[in-house]
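First comes the structure, then the notes that go with it.
The values are calculated or read from the model by the stated rules, or taken from the named source; none is laboratory data. The structure presented is a predicted model; accordingly, all values stated were derived computationally and were not measured. We place every Cβ from the backbone using ideal geometry, glycine too, and count neighbours over all the protein chains shown. When the accessible area is computed, the model is the full protein with side chains, heavy atoms only, and any ligands, DNA or RNA have been set aside. Shrake-Rupley method; radii C 1.70, N 1.55, O 1.52, S 1.80 Å.
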Amino acid sequence: MSDANCTIDTCEQLCEHPQVICVAKKEAIPDIEAQQVAESFKLLGDTTRVKMLHALSKRELCVCDLAAVVEMGQSAVSHQLRLLRSARLVKYRKEGKMAWYSLDDGHIGLLLSQCIEHIQHR
C-alpha cells in the first residue's frame, strides 16, 4: 500500500485553537450526565434488552406477553425489566395482579428508532 492510499486521522502538527477549546469546554456534558448516558448505553448493549425495548416501543405489554415475544422465561424477563426500570428506560403499572410495561418516555423510543434507522441506512 502506498502512502497516498493511507489515511492519517490525526493532526500532522500541533496547532490548538484556544477559542474553540474554550467554547467546547463550556458546552461539555457534565461528568455525572456523561456517566448516566454511558450506563444507559451499557444497558442497550444487550440483544435481549434491545428486543424488549423494541417490542415496548410498539405497545404496552405485560411481563407474560413480553416473555413470549423474546422467548425467555418470566423470571429472566423480570430481571431485565428491573435493570431497565432502574435506569428509567421503562416504567410499569399494576392492574390487579398484572404488571404492564411501557417505555418510560418518548425519548427512549426515538433513540431506539434512530439507531435502527442508522444501521439500516447504507
Legend entry - Hits in the range 105-122 - residues which are of a type outside the set (A, V, I, L, M, F, W, C), over 15 Å from residue 58 (Cβ atoms) and assigned to a helix (DSSP H, G or I): 107, 114, 117, 118, 120
Inset, instruction - Scan the range 66-104 for residues that are assigned to a loop (DSSP other than H, G, I, E, B) and either touching a Ser or Thr at 6+ places or on another chain (Cβ under 8 Å) or open to solvent by less than 60 Å² (accessible area, probe 1.4 Å) (or both) and report the count. - result: 5
Inset, instruction - Go through the residues of the range 25-37 one by one and say whether even a single one is closer than 21 Å to residue 116 by Cβ and open to solvent by less than 70 Å² (accessible area, probe 1.4 Å). - result: yes
Legend entry - Selection count where residues are on the phi > 0 side of the Ramachandran plot and of a type outside the set (Gly, Ala, Ser), scope the range 72-116: 1
Inset, instruction - Enumerate the pairs (first residue in the range 33-46 and aliphatic (A, V, I, L, M); second residue anywhere and surrounded by 11 or more Cβ atoms within 10 Å (Cβ to Cβ)) with beta-carbon separation below 7 Å, excluding pairs fewer than 6 apart on the same chain, so at least 6 apart or on different chains. - result: 43/49; 43/83; 43/84; 43/87; 43/89; 44/50
Inset, instruction - Would you mind telling me which numbered condition in (1) surrounded by 14 or more Cβ atoms within 10 Å (Cβ to Cβ); (2) free of Cβ contacts under 8 Å to residues at least 40 places away in the same chain residue 117 fails? - result: (1)
